[in-house]
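Notes for the one structure printed next.
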Amino acid sequence: MRIFKTLLFLFLSVITILSFKTAEKVNIWMIGDSTMASKKPERAPESGWGVAMSDFAKANAVIHNHAASGRSTKSYIDEKRWEAVCDSIKPGDYVIIQFGHNDEKPDSPLHTDPYTTYQQNLKKFVEETRIKGGIPIICSSIVRRHFDGKGDLLNSHGEYINAARLIAEQTQTSYVDMEAQTRQLISQLGSEKSKSLYTFCKPGEYKGRMKGVQDSTHLNNDGARQVAALFVSEVKHLKLSLAKYLK
């Protein structure tokens, strides 16, 4: 009888532990710049595609958008923003990494060289994510809506797209080419229609936007959702393990 009770207790304990593990949600951490980041209300309708990712997360996943406006891989590390995220990563969590827009700038607090410091910083994110038992995903920057006189999109990111792809290959990290995905979308829409996805406002159209805004870098709410949808679609196309946590 005593043995039976002991076995029953052990059985119920295992069931309880397994139930807890099943109910535990996976964390999806997002680090990047303003094209991914959430924005203050006074910047409406500007948004980042990391905000819209919450609409695509299943019930067993939680999105943590830690992207920050105006940051490069260098400043994100220097300001200890990466340290705060890394300290929170649990085994099985995902880290989505997308920088480049500000790494390109000449400002010394931001600038990185595509094939040296930029790649070194991306590698740091990848390696330290894996040390914590997390799963990194590198993304290229989304395209800027910069058309030439012939109606073709310009390459405004230089070598940073290729540098991100190469470091993903070298570190055997999943790579989502968001530049290619957004380039196709914006090219199909064309110069005028694509404005509907970026922050183009008439003077006084939104509270806090007293002047007209003509912004071909930052997305609006609809653009953020469409770009997030592109990311989710590509994750599923590539059959990444993250896909099972996305609608």
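The values are calculated or read from the model by the stated rules, or taken from the named source; none is laboratory data. On a predicted model such as this, the values are computed, not experimentally measured, just so you know. Glycine also receives a Cβ, built like all others from the backbone with ideal geometry; neighbour counts cover every protein chain displayed. The accessibility values were calculated without ligands, DNA or RNA, using every heavy atom of the protein model including side chains. Shrake-Rupley method; radii C 1.70, N 1.55, O 1.52, S 1.80 Å.
Scan the range 183-238 for residues that are among the β-branched types (V, I, T) and touching a Gly at 6+ places or on another chain (Cβ under 7 Å) and the total you get is 0.
Per-residue answers, yes or no, for (1) surrounded by fewer than 19 Cβ atoms within 10 Å (Cβ to Cβ); (2) touching a strand residue (DSSP E or B) at 6+ places or on another chain (Cβ under 7 Å); (3) not in a helix (DSSP H, G or I):
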site: I28; (1), (2), (3): no, yes, yes
site: T35; (1), (2), (3): no, yes, yes
site: E42; (1), (2), (3): yes, no, no
site: A59; (1), (2), (3): yes, no, yes
site: V62; (1), (2), (3): yes, yes, yes
site: Y76; (1), (2), (3): no, yes, no
site: K90; (1), (2), (3): yes, yes, yes
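Looking across the range 44-57, the residues that are farther than 24 Å from K124 by Cα and either open to solvent by 30 Å² or more (accessible area, probe 1.4 Å) or outside any loop (DSSP other than H, G, I, E, B) (or both) come down to A44, E46, S47, V51, A52, M53, S54, D55, A57. Listed by position, the strands (runs of 3 or more DSSP E) inside the range 111-227 whose residues that are buried (at least 17 other Cβ atoms within 10 Å of the Cβ) and among the small types (G, A, S) number at least 1 are 174-176, 213-220.
A single member of P91, P136, P106 is under 25 Å from A228 (Cα atoms), out of contact with any helix residue (DSSP H, G or I) (no Cβ under 7 Å at 6 or more places or on another chain) and of a type outside the set (G, A, S), and it is P91. Within the range 174-197, residues that are over 18 Å from V213 (Cβ atoms) and among the polar types (S, T, N, Q) have Cβ atoms under 7 Å from residues that are open to solvent by less than 50 Å² (accessible area, probe 1.4 Å) and assigned to a helix (DSSP H, G or I) in these pairs: Q181/L230; Q181/E234; T182/V227; T182/L230, counting only partners at least 6 apart in sequence or on another chain.
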